[in-house]
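Input: a single structure, listed below in structure tokens.
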Amino acid sequence: MKTVGVAILGLGVVGSGTYKILRDHREFYRRTQNIDLSVESVLEINRQRALDLGIEESKISDNIAEVISNPNVDIVVEVIGGVEPAKSFVLAALHSGKSVVTSNKELFCKYWHELEAAAKRTNAGLYFEASCVGGVPIIRTLLDGMQANVVTNLTGIINGTTNYILTRMAREGAEYASVLKDAQALGYAEKNPTADVEGYDAAYKLSILASLAFHTKVPLDKVYREGITDISSEDIKYGDELGYALKLLAIGKNDGNNSIEVRVHPAFIRKSHPLAAVNDSFNAVFLRGDSVGDIMLYGRGAGDLPTGSAIVSDVIYAATHSDVKYATFKNTQTAEKGVRFVTDFKSRYYIRFTARDKAGVLAKVAGIFAKYNISIIDLIQKGEDIENIPIILITHETSELSLRRAVEKIRELDDVFEVNSVIRVEG
Ligand code: HSE
């Protein structure tokens, strides 16, 4: 039986989960995979944390050179997160010919090309299932399960923190700020929640997933991004009445003709769509392939054991495959020549504005929409306060640019006090 040595860089939540899985399933992998996976080294400054997990003193190090040069280490697992020092550590491992397994979406989406070039030079493996959607095996699905298809659509709920916040806002009618505070106290949201609530985390993941799905590099700066900080529970409630759930969606579309659209923003989605039922901190990715049709993967996008599951699956893959598979596209810093990224995308829109309740106001609003060739599907007027009437309307599909121009004109109307919200409607 082959013995394969593993090093884990960082024993935070994911590193600890990875260690526990490798420790507790060691016998299972011997039996089912015919390999003996042995954790030979851990890089961790907090020695007590490592000792508490039952790791032998001699295997704990705070020196990266010592870990990487250990002849018993074949595979290096990087679970530190962020760009530096993770990038230098991963490059050092690859330069010395060791395969790397990482959960680091920020590092991967920004420097994938550089890491892959380093891996190719030494024929080392480079695996990143855990970088996107935690325990949900979306990378392997795109690489291996969907390769027969031209993937035209990838829509995901790929950030658990925001899904947890939006789910609670919908259930409790509570406002964003109070749910965020509670989510932080319960450990669902980070002390500094920016990466999650402003959509950066989802944008990192979408850049990686869309690159794989569409077989071309989708650089991070091509991903349109908006977070959930301006969402009000009032809009979630009105959307619910109209048959929609509000989610932070990551959307990738490919028209098959070198035209790609990638965006992360809050959006209403019909309650009958399977993504509308993905609640709390769960994640899901919906894919459309030209042969298979629609499929959806659902599960835990974060957490010690779910993300550890993705890492250990990669470790097993690295330990059992000598033929390394890299990206299926020319992995450079920018997209391939000829690829066009759509900026003026098309969507339906939910708009809420507050107006005076008097004859002719709606006619003026309708006139502006007509001028920009925007057709209205649904319109409801709420309440009886004639000075302060919320009006909600949903448009047919229109271009983002036309919609923004029309909204500017509506804002200028004397009898419109405020355009409170503009939210895209998908699906
Ligand atoms: N912070 C992420 C989330 C998990 O809330 O989904 C790690 O990618």
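Rg/Rh for segment 73-193 stands at 1.08; both radii use Cα atoms, and Rh follows the Kirkwood definition.
Over segment 190-236, the ratio between the Cα radius of gyration and 2.2 N^0.38 Å evaluates to 1.38. Applying the criteria of a DSSP loop state and at most 16 other Cβ atoms within 10 Å to the GluC sites (Glu not before Pro) of segment 88-183 yields Glu175.
For segment 91-157, the relative contact order is 32 percent, taking Cα pairs closer than 8 Å that sit 6 or more residues apart in sequence and dividing their mean separation by the residue count. Compute the acute angle (0 to 90°) between the alpha-carbon long axis of helix 176-185 and the principal axis of greatest extent of the alpha-carbon atoms of the chain; round to the nearest 10°. Orientation of helix 176-185: about 20 degrees from the principal axis.
Against the criterion of solvent-accessible heavy-atom surface with a 1.4 angstrom probe, Met146, Met1 sort, most first, into Met1, Met146. Quotient of the Cα radius of gyration of segment 373-427 and 2.2 N^0.38 Å, N being its number of residues: 1.20. Take every Cα pair under 8 Å whose residues are at least 6 apart in sequence, average their separation, divide by the length of the chain, and the relative contact order is 16 percent.
With a ≥ b ≥ c the root eigenvalues of the C-alpha gyration tensor of segment 204-348, is it rounded (a/c under 1.5), prolate (a/b larger than b/c) or oblate?
oblate
Expressed as a whole percent, the accessible area of the chain that falls on carbon and sulfur atoms is 48 (1.4 Å probe).
The angle between the Cα long axis of helix 361-371 and the main principal axis of the chain comes to about 60°, on a 0 to 90 degree scale. Each principal axis of the Cα atoms in segment 243-288 has its own extent, and those three values, largest first, are 35, 21, 17 angstrom. Taking 7 Å steps out from each Cα toward its Cβ at Ser38 and Arg405 produces label points 7.0 nm apart.
Put simply, the Cα atoms of the chain extend 82, 47, 34 Å along their principal axes, the longest span coming first. Other residues with beta-carbon under 15 Å from the beta-carbon of Thr334 carry, at +1 per Lys or Arg and -1 per Asp or Glu, a net charge of +2. Mean silhouette area of segment 120-186, derived from the convex hull of its C-alpha atoms and averaged over all directions, reads 7.8 nm².
For segment 93-145, report the % of Cα-Cα distances exceeding 17 Å. Every Cα pair in segment 93-145 considered, those over 17 Å come to 38 percent.
Below 8 Å, C-alpha to C-alpha, sequence gap of six or more: please give me the relative contact order for segment 313-427 in percent. Walk me through the numbers on the way to the answer.
Numbers: 157 pairs, mean separation 40.5, N = 115.
Taking the mean separation of contacting Cα pairs over the length of segment 313-427, I get 35 percent.
Ordering Ser281, Ser291 from largest to smallest accessible area (1.4 angstrom probe), what's the sequence?
Reading off the accessible areas and sorting them downward yields Ser291, Ser281.
Using a Förster distance of 35 Å, how high is the FRET efficiency between Gln381 and Thr152, based on the Cβ-Cβ distance and rounded to 0.05?
0.40
Shape of segment 1-78 from its Cα gyration tensor (a ≥ b ≥ c, root eigenvalues): rounded if a/c is under 1.5, otherwise prolate when a/b > b/c, or oblate? Oblate, since a/c reaches 1.5 and b/c is not below a/b. The coefficient of translational diffusion for segment 268-389, derived via Stokes-Einstein from the alpha carbon Kirkwood radius under 25 °C and 0.890 mPa s, stands at 117 µm²/s. Distance cut-off 21 Å, Cα to Cα: go down the list Lys191/Lys237; Lys253/Lys337; Lys110/Lys222; Lys2/Lys105 and report the pairs above it. Among Lys191/Lys237; Lys253/Lys337; Lys110/Lys222; Lys2/Lys105, the Cα-Cα distance tops 21 Å for Lys191/Lys237; Lys2/Lys105. Net charge of the neighbourhood of Met169, taken over other residues with C-beta under 14 Å away and scored Lys/Arg +1, Asp/Glu -1, is -3. Mean residue ellipticity at 222 nm, helices only, the chain: -10500 deg cm²/dmol; runs of at least 4 DSSP H residues each add -39,500 (n - 2.57), and the sum is divided by the number of residues.
Computed extension gain for Arg30 through Lys325, at 0.36 nm per residue and net of the alpha carbon distance, reaches 103.8 nm. Run a plain Debye calculation on segment 164-287 (Cα atoms as equal point scatterers, no solvent) and give log10 I(q)/I(0) at q = 0.12, 0.13, 0.16 Å⁻¹, rounded to two decimals, same order as the q list. Normalising to I(0) and taking log10 leaves -0.47, -0.55, -0.81.
DSSP loop trypsin sites (Lys or Arg not before Pro) in segment 160-213 with at most 15 other Cβ atoms within 10 Å of their Cβ, which ones?
Lys191
Most tightly packed first, judged by the mean number of other beta-carbon atoms within 10 Å of their residues, the peptides 412-418, 258-264 read 258-264, 412-418. Count Lys and Arg as plus one, Asp and Glu as minus one, and take only other residues whose Cβ is under 9 Å from that of Ala86; the net charge is then -2. Under a model in which nothing but the beta-carbon of Lys, Arg (+1) and Asp, Glu (-1) is charged, the chain shows a dipole of about 960 debye around its Cα centre.
With the largest listed first and rounded to whole Å, the semi-axes of the equivalent ellipsoid of segment 343-412 from the Cα gyration tensor are 22, 12, 10.
Dividing the alpha-carbon radius of gyration of segment 1-143 by the rule-of-thumb value 2.2 N^0.38 Å gives 1.00. Surface exposure of the chain, expressed per residue as accessible area with a 1.4 Å probe, stands at 43 Å². Helix 304-320 and the long axis of the chain differ in direction by around 50°, with both axes built from C-alpha atoms.
The values are calculated or read from the model by the stated rules, or taken from the named source; none is laboratory data. Predicted model only: the values in this text are computed from it and were never measured. Here Cβ is always computed from backbone atoms with ideal geometry, including for glycine, and neighbour counts include all displayed protein chains. Heavy atoms of the whole protein, side chains included, go into the accessibility calculation; ligands, DNA and RNA do not. Shrake-Rupley method; radii C 1.70, N 1.55, O 1.52, S 1.80 Å.
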